[in-house]
1. Looking only at residues that are surrounded by 14 or more Cβ atoms within 10 Å (Cβ to Cβ) and not small (Gly, Ala, Ser) in the stretch 308-318, which one is nearest to the chain's Cα centre (by Cα)?
2. Checking the condition hydroxyl-bearing (Ser, Thr, Tyr) and at pLDDT below 95, which residue from Ser38, Ser22, Ser73 passes?
3. Does Gly280 satisfy the condition of being assigned by TED's automatic domain parsing to the domain that holds Arg21, over 26 Å from Glu193 (Cβ atoms), of a type outside the set (A, V, I, L, M) and surrounded by 11 or more Cβ atoms within 10 Å (Cβ to Cβ)?
4. Looking at the stretch 146-159, is at least one residue crowded, with 22+ Cβ neighbours inside 10 Å, assigned to a helix (DSSP H, G or I) and in contact with a strand residue (DSSP E or B) (Cβ under 8 Å, 6 or more places away or on another chain)?
5. Can you tell which of Phe87, Phe139 is over 17 Å from Val6 (Cβ atoms) and under 14 Å from the mean Cα position of the chain (by Cα)?
6. What are the residue pairs meeting all of these: first residue in the stretch 221-242, first residue in the same structural domain as Phe196 (by TED's automatic domain parsing) and under 20 Å from Thr143 (Cβ atoms), second residue at pLDDT below 90 and outside any loop (DSSP other than H, G, I, E, B), Cβ atoms under 9 Å, and 6 or more apart or on different chains?
7. Which of the residues that make up the stretch 227-266 are among the hydroxyl-bearing types (Ser, Thr, Tyr), at pLDDT 90 or above and surrounded by 15 or more Cβ atoms within 10 Å (Cβ to Cβ)?
8. Restricting to the stretch 21-46, count the residues that are under 15 Å from Val99 (Cβ atoms) and of a type outside the set (A, V, I, L, M, F, W, C).
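The values are calculated or read from the model by the stated rules, or taken from the named source; none is laboratory data. These numbers were taken from a predicted model, which means no experiment stands behind them. Counting neighbours? That spans all protein chains shown, and the Cβs are built from the backbone with ideal geometry, glycine included.
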Amino acid sequence: MKRIAVLTSGGDAPGMNAAIRSVVRTALHHGLSVFGVSRGYLGLMNGEIQEMDTRSVGDIVQRAGTILRSARSERFKTEEGQREALFQLEKFGIEGLVVIGGDGSFRGAKCLSDLGVPTIGIPASIDNDVACTDLAIGFDTATNTAVDAITKIRDTASSHGRVNVIEVMGRTTGFLALAAGLAGGAEHILIPEVEFDLDDICDKILSGYRRGKTHNIIVVAEGVGGYRDPGQGFGHSAGFEVGRTLQEKTGLETRVTVLGYIQRGGTPTAQDRILASRFGLRAVELLMAGRAARVVGITRGEIMDYDISYAVSQKKTINLDDYRLSEMLT
């Protein structure tokens, strides 16, 4: 294998640039030519492909987002779109492809693999909902961003005796909400995987205030309760629905903060940069060894790789022990 390419797909995550850098420089170190695909699968179908050198990835390890940019494409989900992508890969003489993204990105990589393109997936998702890895690139940075916000909001909540609801990302899973809520000392954490009773939460909040408690922090994953509809304004997000209900039932002044896309930005943490670098190295080594249709991951501290068909067929589950821990601590 002499020519490989790398692309980023789906939602961006802090550390993607570190992964791109690792793929490019590892490939160059081993004498391979490496190409960058702009705008994910959409750019791949359109032939937005350029050769990269070591300077192409200079001064990016500390930057969030992705220098290759990302995009979503319904056309790529069709057989015609996949054939267009295959044509472009063949046109540029690309023999292997590294895809950095989440579960949907890996499904696209599997489609290309089924067409005979050697592909390797690198997990990058602030939701951390990718199977076959304990951690995805971007999760640690997003968690720290959310924890920092919770800490700042707690300061003002204590001053005014308010209930503060903080909505974090997580359309179908609560990994980010649970980690940020646990680390931030939230009184209650609402996630899609666990049923909750707002009446019970209201009783606990009022009981706490009667004991002299000066604030309550409620962390809510955006997907709980089926409320998620962020484009429609007030009243259609989980955070605002929960906040409105708590204020009505308790009579306590309630404020809602939706962190939104602030969680995708920010300088990636050291952990995300190192993880991305290790993933990029393994991805290139797998292609060079002729091991295609794989995804890399980290399990109990060790970099592993798994069959891509197996990875996209699995559903990652929340650690309920951590959820029980959060309840005990509050």
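1. The selected residue is Lys316.
2. Numbers: Ser38 fails: at pLDDT below 95; Ser22 fails: at pLDDT below 95.
Being hydroxyl-bearing (Ser, Thr, Tyr) and at pLDDT below 95 holds for just one of Ser38, Ser22, Ser73, which is Ser73.
3. Numbers: assigned by TED's automatic domain parsing to the domain that holds Arg21: yes; over 26 Å from Glu193 (Cβ atoms): yes; of a type outside the set (A, V, I, L, M): yes; surrounded by 11 or more Cβ atoms within 10 Å (Cβ to Cβ): yes.
Judged against the criteria, Gly280 is a match.
4. Within the stretch 146-159, the first condition is being crowded, with 22+ Cβ neighbours inside 10 Å, and the residues that meet it are 146, 150.
Pick out the ones that are also assigned to a helix (DSSP H, G or I) and you get 146, 150.
When the remaining residues are screened for being in contact with a strand residue (DSSP E or B) (Cβ under 8 Å, 6 or more places away or on another chain), the result is 146, 150.
Yes, the stretch 146-159 has at least one match.
5. Numbers: Phe87 fails: under 14 Å from the mean Cα position of the chain (by Cα).
Within the list Phe87, Phe139, the selection yields Phe139.
6. Glu222/Pro230; Ala238/Gly225; Ala238/Gly226
7. So in the stretch 227-266, the residues among the hydroxyl-bearing types (Ser, Thr, Tyr) come out as 227, 237, 245, 250, 254, 257, 261.
Applying the additional criterion that residues be at pLDDT 90 or above yields 245, 250, 254, 257, 261.
Once the filter is applied, which keeps residues that are among the hydroxyl-bearing types (Ser, Thr, Tyr), at pLDDT 90 or above and surrounded by 15 or more Cβ atoms within 10 Å (Cβ to Cβ), the stretch 227-266 yields Thr245, Thr250, Thr254, Thr257.
8. Residues of the stretch 21-46 under 15 Å from Val99 (Cβ atoms): 22-24, 27, 34-45.
Checking which are of a type outside the set (A, V, I, L, M, F, W, C) leaves us with 22, 36, 38-41, 43.
The total comes to 7.
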